[in-house]
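This report concerns only the one structure given below.
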Amino acid sequence: MGEDEMLAAALAVACAAVVGLAGALVRTRRRWQAAVGERGWLLERERESAAEAAIAAERDRIARELHDIVSHTVSLMVVQAGAAREVLGTMPDEAATALRAVEDAGRGAMTDLRHLLGLLAPAPDGTDTDAAADTDRAGTPLAPQPGLDRLGSLVDRISFAGLPVEVRVLGEPRPLPQGIDVTAYRIVQEALTNALRHGDGGTAEVSVRYADHALRVEVLNSGPSVLTGTAPGSPRPRAEGTGRGLLGLRERVAVYGGDFDARRRLGGGYRVRARIPLDRP
């Protein structure tokens, strides 16, 4: 074989190697692009799933707040309006007092709803600053979410509506994280509202215990016995509920790693009990 032939053969081998390497490079690049594309698709799917989960959680939170505000107030208004109607002809002063309570309850609900909407809606200029969050669109200061410091006024409203309530505070009261404080208040509010809505007379007891590592809240109310079906008193006007309240409370307590239990009592009535840890990071 001559020198020219050897050079030609070497050149052919080199060309074949180059072509092979180029093909391998193209295939590798395509696989890399496919992997990058798939990874980008997965990341996009993860972002979409996270966004959907966040939206669902926010919807649940708003639904719980709306339920707590509307259900409690409407129940009070129904009971008090029914009481006013019954005594309107015979005791006009008592009827007027009940109607004023209905008016006050409605105004309170509007204030709470304005507070909730003020937290959700952006400022008129599109900003969302801490200062804007402290006032509504009309510039009215927004009160903080209710906590156990407003337990007395809650009990007064329930008692005025016809359900006597006894409150016991055990342990040394101390400042609580805002979320836990609101949750404890909502537990008492929902339990007393249910007792007022569904109970046929009777009384209620509220216990708040400040333990070293947890806050314990319990609400007991008397009512028809599971064993006999008898009721301790006469029926009152009722406001039907949606059944969402107790589920919302269970979710609230679970956020803080606590325990929640609600069940009928054999002797009559209902018991709502919650334990919320105070030493979680």
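Data overview
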| read-out | value |
| --- | --- |
| Check on Leu113, modelled with pLDDT of 70 or more, touching a helix residue (DSSP H, G or I) at 6+ places or on another chain (Cβ under 9 Å), open to solvent by less than 70 Å² (accessible area, probe 1.4 Å) and not aromatic (Phe, Trp, Tyr) | yes |
| Qualifying residue in the stretch 179-189 (condition: modelled with pLDDT of 90 or more and open to solvent by 20 Å² or more (accessible area, probe 1.4 Å)) | yes |
| Any pair with Cβ under 6 angstrom, 6 or more apart, that starts in the stretch 91-110 at a residue that is free of Cβ contacts under 8 Å to residues at least 24 places away in the same chain and ends at one that is small (Gly, Ala, Ser) | Ala95/Ala84; Ala98/Ala83; Ala98/Ala84; Leu99/Ala84 |
| Hey, Gly233 open to solvent by less than 50 Å² (accessible area, probe 1.4 Å) and at pLDDT below 80 or not | yes |
| Odd one out for Pro224, checked against (1) open to solvent by less than 30 Å² (accessible area, probe 1.4 Å); (2) at pLDDT below 75 | (1) |
| The stretch 240-271, subset surrounded by 17 or more Cβ atoms within 10 Å (Cβ to Cβ) and modelled with pLDDT under 75, residue farthest from Val169 (Cα to Cα) | Gly241 |
| Ala57 at pLDDT below 75 and open to solvent by less than 60 Å² (accessible area, probe 1.4 Å) | yes |
| Filter result for Glu94 (modelled with pLDDT under 75 and in a helix (DSSP H, G or I)) | no |
| Pair list, Cβ under 6 Å, 6 or more apart: the stretch 178-192 residue in contact (Cβ under 8 Å) with a residue 60 or more places away in the chain, other residue among the acidic types (Asp, Glu) and surrounded by 20 or more Cβ atoms within 10 Å (Cβ to Cβ) | Arg186/Asp68 |
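The values are calculated or read from the model by the stated rules, or taken from the named source; none is laboratory data. Every value quoted in this text rests on a predicted model; they were computed, and no experiment measured them. No Cβ is skipped: glycine too gets one built from the backbone with ideal geometry, and neighbour counts run over all protein chains shown. Note: areas computed on protein heavy atoms with side chains; ligands, DNA, RNA excluded. Shrake-Rupley method; radii C 1.70, N 1.55, O 1.52, S 1.80 Å.
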